[in-house]
1. For region 1-45, which positions are farther than 21 Å from K168 by Cβ and open to solvent by less than 40 Å² (accessible area, probe 1.4 Å)?
2. Quick check on K69: is it open to solvent by 40 Å² or more (accessible area, probe 1.4 Å) and outside any loop (DSSP other than H, G, I, E, B)?
3. Could you give every pair whose Cβ atoms fall below 9 Å, whose first residue belongs to region 57-69 and is within 14 Å of I7 (Cβ to Cβ), and whose second residue is in a helix (DSSP H, G or I) and open to solvent by less than 40 Å² (accessible area, probe 1.4 Å), counting only separations of at least 6 or pairs across chains?
4. Quick check on my filter: what residues within region 144-178 are in contact with a helix residue (DSSP H, G or I) (Cβ under 8 Å, 6 or more places away or on another chain) and closer than 29 Å to D32 by Cβ?
5. Among L84, L75, L112, which is surrounded by 15 or more Cβ atoms within 10 Å (Cβ to Cβ), touching a strand residue (DSSP E or B) at 6+ places or on another chain (Cβ under 6 Å) and not in a helix (DSSP H, G or I)?
6. So, in region 119-139, of the ones that are open to solvent by 60 Å² or more (accessible area, probe 1.4 Å) and in a loop (DSSP other than H, G, I, E, B), which residue ends up nearest to L239 (Cα to Cα)?
7. Does region 29-38 include one or more residues that are out of contact with any helix residue (DSSP H, G or I) (no Cβ under 7 Å at 6 or more places or on another chain), at pLDDT 95 or above and β-branched (V, I, T)?
8. Kindly state which strands (runs of 3 or more DSSP E) lie completely within region 140-241 and contain at least 2 residues that are open to solvent by 20 Å² or more (accessible area, probe 1.4 Å).
Amino acid sequence: MQNFIEIGNKKINYTIVKSSRKTIGISVSLKDGVKVSAPKKIGKKQISEIVNAKAAWILKKLSYFENIKAEIPELKFTEGEKFLVLGKEYRLKINKSSSVNSAYIMLSGNYLIVNLPENITGSLSDSVRIYITDWYKNYAKEVVSERINYFAKKMDVKPTDIIIKDLKSIWGSCTPKNTININWKIIMAPLDIVDYLVVHELTHIKIKNHSKQFWNMAESIYPNYKACSKWLKQNGHKLTF
């Protein structure tokens, strides 16, 4: 449900999502804009008043996202475009060959090479997007699993499962049953950022909150913790396509 308020010469559009929650929450993101999550019994007028009260904060967030739009890659999955893998840029190279039976991807030198059958049908860029996305997810699973196993032994913890998937607004999570979820796009970041995220989620196996004890433990395992956290906050929006 799309709604809006006007503040001076500025207009704030927002979407209302009703649910069984007990409080009102406002989120601002590049993808979804302004979203208001509200209890089913709360009326539009009360929601409008709350959005108005938070207008300064919302406008600041919207301005921030407008400024970083230019830094977000808009890839068309065509030859020569640059892709990030563990912090390094690779140029896309597309090979079509009659000797290739099924698509496969490899890193070679400074290139991300997509090898395709010559008789592939449909949109080439759409096919390349699908294959590259699948490759990223598989490579993320390989790298992240190895780093989790390494740090889990060091920290004397054991996750019940490791799941690599598309997390909409977070980089990782640790469930109450100690399943570690990691956003596959982290594989675009340098390895020290991957390690930072891994240590963060593994620390949650021992401490389920973000108390001072949590931060102290994480930093004791990974001394570069604060710098990596800052890097991800400043650059995380660039890790996408």
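The values are calculated or read from the model by the stated rules, or taken from the named source; none is laboratory data. Here the structure is a predicted model, which means the values were calculated and not measured. Backbone-built Cβ (ideal geometry, glycine too); neighbour counts: all protein chains shown. Areas reflect the complete protein model, heavy atoms only, side chains present, ligands, DNA and RNA absent. Shrake-Rupley method; radii C 1.70, N 1.55, O 1.52, S 1.80 Å.
1. N3, I5, I12, P39, I42, G43
2. Details: open to solvent by 40 Å² or more (accessible area, probe 1.4 Å): yes; outside any loop (DSSP other than H, G, I, E, B): yes.
Taking the combined requirement at face value, the residue satisfies it.
3. I58/V51
4. If we filter region 144-178 for residues that are in contact with a helix residue (DSSP H, G or I) (Cβ under 8 Å, 6 or more places away or on another chain), which is where we start, we get 144, 147-148, 151-152, 154-155, 157-159, 162, 164-166, 171-174, 178.
Listed by number, the residues that qualify are V144, I162, I164, K165, D166, W171, G172, S173, C174.
5. Matching residue, one of L84, L75, L112: L112.
6. The selected residue is G122.
7. Checked against the condition, which is being out of contact with any helix residue (DSSP H, G or I) (no Cβ under 7 Å at 6 or more places or on another chain), at pLDDT 95 or above and β-branched (V, I, T), region 29-38 yields no hits at all.
8. Ranges flagged: 161-165, 172-174.
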